[in-house]
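As C-alpha cells, the structure follows; a few thoughts come after it.
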Amino acid sequence: MIKWFLMFTMLILLASFVLPVKAAGTSQLIIINKSTNKLAFFNSGKLVKVFHVATGRDNSFTPEGTFPIVNKIKNRPYYKDNIPGGDKRNPLGDRWLGLNALGTNGTTYAIHGNNNPNSIGTYASAGCVRMHNEEIRYLFDQVKTGTSVIILHSNQSFEAIAAANNYPHTVPADTKPVQEKPKAPAPPKEESKKEALPAPKEEPKPAVPEAKPEKPDPLACIKNKIQGRIYFPEIHLKMDVSCQIKTSEV
C-alpha cells in the first residue's frame, strides 16, 4: 500500500513538473523575428530586452505563429544521444522554455540554451530557438508559463508587431501572427496653380513715312552758274550745253 502511494505521489510530482501548463494570458510577450534572428521580451507593456538567437537552418523548420510557453525545464536531458541535463555536451543547454507549437505540448519546439555559442545569430537549428546560456537563464527566471511567443518574418519593429497583435491587451495563442501593414506614403499636396499672366503686348510703333526722293531742281544748273559767276568770274564765259538743254526742258 505504501509502495503504491509513493508511486502515485511521484507520478503527480512528475506530471506537475513536465506536463504542459494550460496557457493563460499574461502581461508578458516574446517576439522572435526570423528575418533578423532576434528575440524581444516585453513585460507590462514595455520592451525590456532584445537578444540574438539562432533559428531553423531551413525556413520551414521553425514554425511561425503565436504559441504559448507551456513548460519550463532546467537541465533537460538530450534523449536522442542520451546526454544528461547540465552536461557541457548537451546541445539544449541548461534551460528549456517549451512551446505548444503545432500541438506538440512543449516537447519538441522550445527556446533553449546551447553548447555552440557561435551558432547564435545564424540559421542552424532543427527547429528550436537557441540562445546564449547566460541569456536564456535570465529569460527563464523572468518569463511566466502561458506567455505568448510570436514567431514570424517581418520588416517591422518589435513595437509595431506587438501593437498589431493587440499587445499589451490580449494576444491569442496558437494562431498566425498579425503583421502591421506599412503605411502608404501620403499623397503630395497639390500646390495651388497660379494663373499665368499674359505676356505684355508690345505697342505698335508708329510707321515712319518713307522718304520720298527729291525731284531734281531744273534751275540748279543756272543757280550754280550764277553762283559760279559771283565766286569765279573767269568761268562765266564758258557755256554748258547740257545746262542749256536742261534749262530749255524746263
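Quick note: the coordinates plus some simple rules give every number you see, no bench work behind them. Keep in mind that what you see is a predicted model, and the values were worked out from it rather than measured. Glycine gets a Cβ as well: all are built from the backbone with ideal geometry, and neighbour counts include every protein chain shown.
General remarks:
- Mean Cβ neighbour count within 10 Å, used as a protection proxy, ranking 152-158, 106-112 highest first: 106-112, 152-158
- For the range 52-130, the square roots a ≥ b ≥ c of the C-alpha gyration tensor eigenvalues yield an a/c of 1.5 or more together with a/b not exceeding b/c, which makes the shape oblate.
- For Val48, nonlocal amide neighbours, meaning residues 5 or more places apart or on other chains whose placed amide H falls under 5 Å from its own, are Phe41, Phe42, Asn43.
- Neighbourhood net charge (14 Å Cβ-Cβ; Lys/Arg +1, Asp/Glu -1) for Val53: +4
- The local environment of Leu97, defined by Cβ-Cβ distances under 14 Å, has a net charge of +4 under the rule Lys, Arg +1 and Asp, Glu -1.
- Asp81 sits among other residues whose Cβ lies under 15 Å from its own Cβ, and their net charge, with Lys and Arg +1 and Asp and Glu -1, is +3.
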